[in-house]
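Read through the structure below, which is laid out as structure tokens, and then see the notes.
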Amino acid sequence: RYPDGGAKALREAIGARFGLDPARIVCGNGSDELLALLILAYGGEGTELVMSAHGFMMYDITGRWAGCQIIKVPERNLTVDVDAMLGAVGPRTKLVCLANPNNPTGAVYSRETLRQIADIAVEHNLIVFADEIYDKILYDDAEHHTFAELAPDVFVVTFNGLSKAYRLAG
């Protein structure tokens, strides 16, 4: 037997749980696979991918594989400098990648910061890749906000998973 490649039941369950349209949910074999598909689809020669200096290395690796110019923005105290990141956005920028909480630094972003990034993405027709794979580890932190909270309002691709939160990696 083969599993349902469209993950219909899983997408419907996720949609019902979080109030999202199952047609807007994509399931895959880990975030690296989905990240590669996203960057290969929207990146390429002549495009830029903006990320933080200490962002997840797969943003850089996959972006280079796709032919993007990688722009690494300096951080302040191991936290994304949002103003610097948004200042790095130019006419060739197609993707902005960041993790919340950040991998590997653990920094988290306020709802206002997430909104600011989302607003710039809309203004410049960017795709924000919001890696929220480690989100469930912070479930007790009332100050932690996610891009998923903004999902109905803006076009942001958020990634989440089960392996880290439920110790299923590997």
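The values are calculated or read from the model by the stated rules, or taken from the named source; none is laboratory data. Owing to the predicted nature of the structure, the values given are computational and were not obtained by experimental measurement. Note: areas computed on protein heavy atoms with side chains; ligands, DNA, RNA excluded. Shrake-Rupley method; radii C 1.70, N 1.55, O 1.52, S 1.80 Å.
At a glance:
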{"quantity": "Per residue accessible area in Å² of the range 37-118, where ligands, DNA and RNA are left out and the probe is 1.4 Å", "calculated": "46 Å²"}
{"quantity": "Table column - 3J(HN,Hα) (Hz), the range 26-34, Karplus curve with 6.51, -1.76, 1.60, x for Gly and Pro", "calculated": "10, 10, x, 8, x, 5, 4, 5, 5"}
{"quantity": "Residue-by-residue Karplus 3J(HN,Hα) for the range 105-112, coefficients 6.51, -1.76, 1.60, Hz, glycine and proline x", "calculated": "7, x, 5, 10, 10, 6, 4, 5"}
{"quantity": "Residues with amide H under 5 Å from that of residue 133, placed H, sequence gap 5 or more", "calculated": "100"}
{"quantity": "Whether the range 1-135 is rounded, prolate or oblate, judged on the alpha carbon gyration tensor where a/c under 1.5 counts as rounded", "calculated": "prolate"}
{"quantity": "Rounded, prolate or oblate (a/c below 1.5 giving rounded, otherwise prolate when a/b exceeds b/c) for the range 1-47 by Cα gyration tensor", "calculated": "oblate"}
